[in-house]
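Take a look at the structure set out below.
The values are calculated or read from the model by the stated rules, or taken from the named source; none is laboratory data. Just so we're clear, the structure is a prediction, and the values are computed from it rather than from any experiment. Reconstructed Cβ throughout: ideal geometry from the backbone, glycine too, with neighbour counts over all protein chains shown. Accessible surface areas use protein heavy atoms only, side chains included; no ligands, DNA or RNA. Shrake-Rupley method; radii C 1.70, N 1.55, O 1.52, S 1.80 Å.
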Amino acid sequence: MLKRIHFLLLSIFLTLSSLLFPWSGHESYTYLVVKSLNLNLDKLVEIRPYTYKETRVYNTKYYYTDDFAGQRKFFDPLNDGKFPPDPSPVDGKLPAWQILTIYAQFPDFGMDEELNLSPLQSLIGNSQGVRHMRYKLGLIEAFEGDKSFLYFVDISKEAFAKGDEYWGYRFLSYALHYMEDLFQPYHETPGTFWEVVRSLMDKKTKNLLNNAHYAYDNYLVYLIHYSKHSEEVRKLIINTPKRRIPSNYEALINEVMMYGYSRFPEVHKHIKAAMGDILIERVPTIDDYQKLEAEGKLDRLYKVTKEIIVVMTGTIKAFLEDYLTTYAQK
Ligand SMILES: [Zn+2]
């Protein structure tokens with residue numbers, strides 16, 4: 001019986017996660033992080049061909065291996081058109097910061113979709129969630145966002161070790177994507193246990209949980225580009241110092257998941273309080289956010305999100321400094 005209930009719950013939360021959106025604005029956020037580091041990331045890196053034998057399967061239609069610099073090919077549609085910069089390569093070379101920036105959104109553009117990744121596949125319409133999230137719901141744990149991070153860290157190391165800086169930075173940028181995803185609490189759980197149970201019978205609850213996930217995905221990019229706090233948020237990302245992190249990357253990504261999970265109750269409570277009625281209907285628009293913000297209804301959500309941004313940014317800065325000084329810039 002217990003097994004059956006688990007199976008049932010698993011089906012529900014897999015269905016809930018089947019319409020996935022990214023923790024949007026990976027490139028805008030990563031740009032602010034990497035530009036504020038003092039790690040010689042202005043250095044020019046020669047674009048090199050892809051020569052890797054990978055152990056993961058992808059939707060190869062979207063696993064592009066050519067370089068996109070200067071094409072704005074994968075920029076978030078919410079981008080304001082000016083930021084972050086994406087200049088064309090000069091003499092076949094790009095600055096390291098640009099590689100880290102423009103490829104941070106890349107894993108969301110189809111490479112992990114429509115795959116057969118596990119027996120859970122029959123329950124899920126979209127395999128992307130398997131790679132980008134790590135769910136904890138009651139006794140159930142599922143998905144492999146943590147493994148995705150570690151995988152790309154390893155292959156980035158391999159590239160740097162053979163002197164291929166271009167792919168070293170590019171794979172590292174993919175790794176950052178998965179770490180950023182795991183700081184988004186809705187990548188750890190879709191709702192409270194009882195909400196998930198209720199969503200079985202109640203479409204309103206189901207919609208609310210789905211849309212809450214997307215709403216928080218979009219909130220970061222809203223804060224960076226459209227909020228009255230945008231200036232403050234950008235400064236916060238730039239000025240946040242690195243924090244202490246475990247030197248073992250497996251322990252590190254574990255800590256990130258536990259952190260995301262631990263912030264879920266507050267984020268979820270404030271999102272529901274601020275936009276519960278909207279969430280039953282749809283994902284909030286930029287206008288919705290601006291209206292709610294002007295009315296002061298996002299104040300609590302903003303406060304918690306700033307705390308998450310500080311921990312996420314301090315962690316990523318510490319990781320990049322440790323990683324790059326150890327593996328990239330010997
Ligand atoms: Zn993602």
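Below are the figures for this structure:
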quantity	calculated
Ranked by how many other beta carbons lie within 10 Å on average, peptides 315-325, 169-179, 146-156 from highest	169-179, 146-156, 315-325
Helix 264-281 vs. the chain, principal-axis angle (Cα, 0 to 90°, nearest 10)	70 degrees
Linear extension gain, D277 paired with E255, 0.36 nm per residue minus alpha-carbon span	4.6 nm
Pairs beyond 24 Å (Cα-Cα), from K204/K269; K206/K228; K204/K272; K61/K147; K242/K303; K147/K206	K206/K228; K147/K206
Net lengthening on full extension, L236/A294 (0.36 nm per residue, minus Cα-Cα)	18.8 nm
Shape box of the chain [Cα atoms, principal axes, largest first, Å]	58, 47, 36
Potential extension, F193-F109 segment - 0.36 nm per residue separation minus Cα distance	27.2 nm
Degrees, to the nearest 10: 203-225 long Cα axis against longest axis of the chain	30 degrees
Share of carbon and sulfur in the accessible heavy-atom surface of the range 2-328 [1.4 Å probe, %]	53 percent
Over the chain, relative contact order from alpha-carbon pairs under 8 Å, at least 6 apart, %	22 percent
Angle between the chain longest axis and helix 249-262 axis [Cα atoms, degrees, rounded to 10]	30 degrees
